[in-house]
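The values are calculated or read from the model by the stated rules, or taken from the named source; none is laboratory data. Given the structure is predicted, the values throughout are model-derived calculations rather than measurements. Cβ placement follows ideal geometry from the backbone for every residue including glycine, while neighbour counts extend to all protein chains displayed. With ligands, DNA and RNA removed, areas are computed over all heavy atoms of the protein, side chains included. Shrake-Rupley method; radii C 1.70, N 1.55, O 1.52, S 1.80 Å.
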Amino acid sequence: MSAASTPVKAVLFDRDGTLVHDVPYNGDPDRVRPVDGAREAVALLRAHGVRVGVVTNQSGVARGLISDGDVRRVNRRVDDLIGPFDVWAVCPHGPDDGCHCRKPEPGMVLWAAGRVCAGPADCVVVGDIGADMEAAERAGAHGILVPNDRTRPEETAAAPHVAPDLLTAVRAILDGMPRGRVLADERPIGAAYGPDPEGGGPRAAGPADGPGPGSGSGSGSATIPPATAPGHGVFAPGAGRAVDDRPGRLT
């Protein structure tokens with residue numbers, strides 16, 4: 001599918017717990033580990049002309065646990081392993097700082113959408129917790145939750161769209177704006193990519209895309225229960241109402 005045939009212009013990913021395994025307040029690039037399918041999912045979007053970005057809360061800066069430079073170095077490592085991403089939006093504030101960029105506030109989503117010249121309604125936010133989905137909704141964007149073992153059941157139940165993993169989310173996005181609550185796509189990766197122009201097998205992502213499939217240290221996905229209910233290190237302009245007390249989810 002060409003970029004012209006899909007209304008999705010940009011996909012904005014949460015970082016910790018979505019693209020990479022969540023290491024609380026990580027300031028060490030060597031501890032960055034992509035989740036399974038992250039590199040392939042981002043490469044698939046780029047291959048179809050969809051812009052990609054990251055919107056991430058990093059309150060460890062406000063808490064004095066990591067520095068701005070630490071965040072930039074980790075972001076560069078994520079870019080090296082999974083990207084390149086077209087835009088990075090980082091909120092360095094704490095939950096009581098009163099900023100408008102910290103998710104679930106919509107500021108970062110709006111800013112990042114503007115940087116890639118896309119209206120919020122043409123963007124999809126992919127994340128692993130309820131704050132990601134609320135930020136998308138408040139910005140006027142679409143949200144897809146990819147749960148992991150730290151996602152609360154009530155967050156999964158309340159999410160507008162849920163996918164078991166990043167590749168399923170991205171394949172659904174490439175068919176247009178998300179439809180249906182639980183997204184599923186059983187196509188093999190080769191069928192999603194299409195034939196390699198040089199023959200035989202999936203299209204290669206290219207040398208700049210980092211390690212090949214399977215380089216992540218875990219899946220980052222979880223079982224979906226039935227429904228019941230800016231550049232590297234550039235900080236988006238100046239708080240989320242909800243305080244998340246899960247270990248590693250206070251970012």
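Taking the convex hull of the alpha carbon positions in the stretch 41-158 and averaging its projected area over all directions gives 7.7 nm².
Over the Cα atoms of the stretch 109-152, Rg to Rh with Kirkwood Rh, two decimal places?
Across the stretch 109-152, the Cα-based Rg/Rh ratio is 1.02.
In the context of the full set of protein chains, residues of the stretch 116-182 present 34 Å² of accessible surface per residue (probe radius 1.4 Å, heavy atoms only).
The packing ranking, built from the mean of other Cβ atoms within 10 Å per residue, places the peptides 113-119, 91-97, 52-58, 148-154 in the order 52-58, 91-97, 113-119, 148-154, highest first. Reducing the stretch 111-141 and the stretch 1-64 to their Cα centroids gives an inter-centroid distance of 13 Å.
For the stretch 153-165, putting each phi into the Karplus relation 6.51 cos²θ - 1.76 cosθ + 1.60 with θ = phi - 60° gives couplings of x, 5, 5, 5, 5, 8, 5, x, 9, 9, 10, x, 7 Hz, in residue order, rounded to whole numbers and with x for Gly and Pro. Using θ = phi - 60° in the Karplus curve 6.51 cos²θ - 1.76 cosθ + 1.60, the 3J(HN,Hα) couplings for the stretch 36-53 round to 4, x, 5, 4, 5, 5, 5, 4, 5, 5, 4, 5, 9, x, 8, 6, 10, x Hz; x is entered for Gly and Pro.
Based on alpha-carbon atoms, the Kirkwood radius and the radius of gyration of the stretch 7-75 give Rg/Rh equal to 1.02. Per-residue extension of 0.36 nm, minus the Cα-Cα distance of ASP80 and ASP28, leaves a gain of 17.3 nm for this segment.
Database remark: amide H of VAL125 closer than 5 angstrom to the amide H of LEU12, HIS142, GLY143, ILE144 (H placed geometrically; neighbours at sequence offset of 5 or more, or on other chains; Pro and chain starts carry no H). Residue-wise HN-Hα couplings along the stretch 11-16, as the Karplus relation 6.51 cos²θ - 1.76 cosθ + 1.60 with θ = phi - 60° gives them from phi, are 10, 10, 9, 5, 8, 7 Hz; Gly and Pro carry x.
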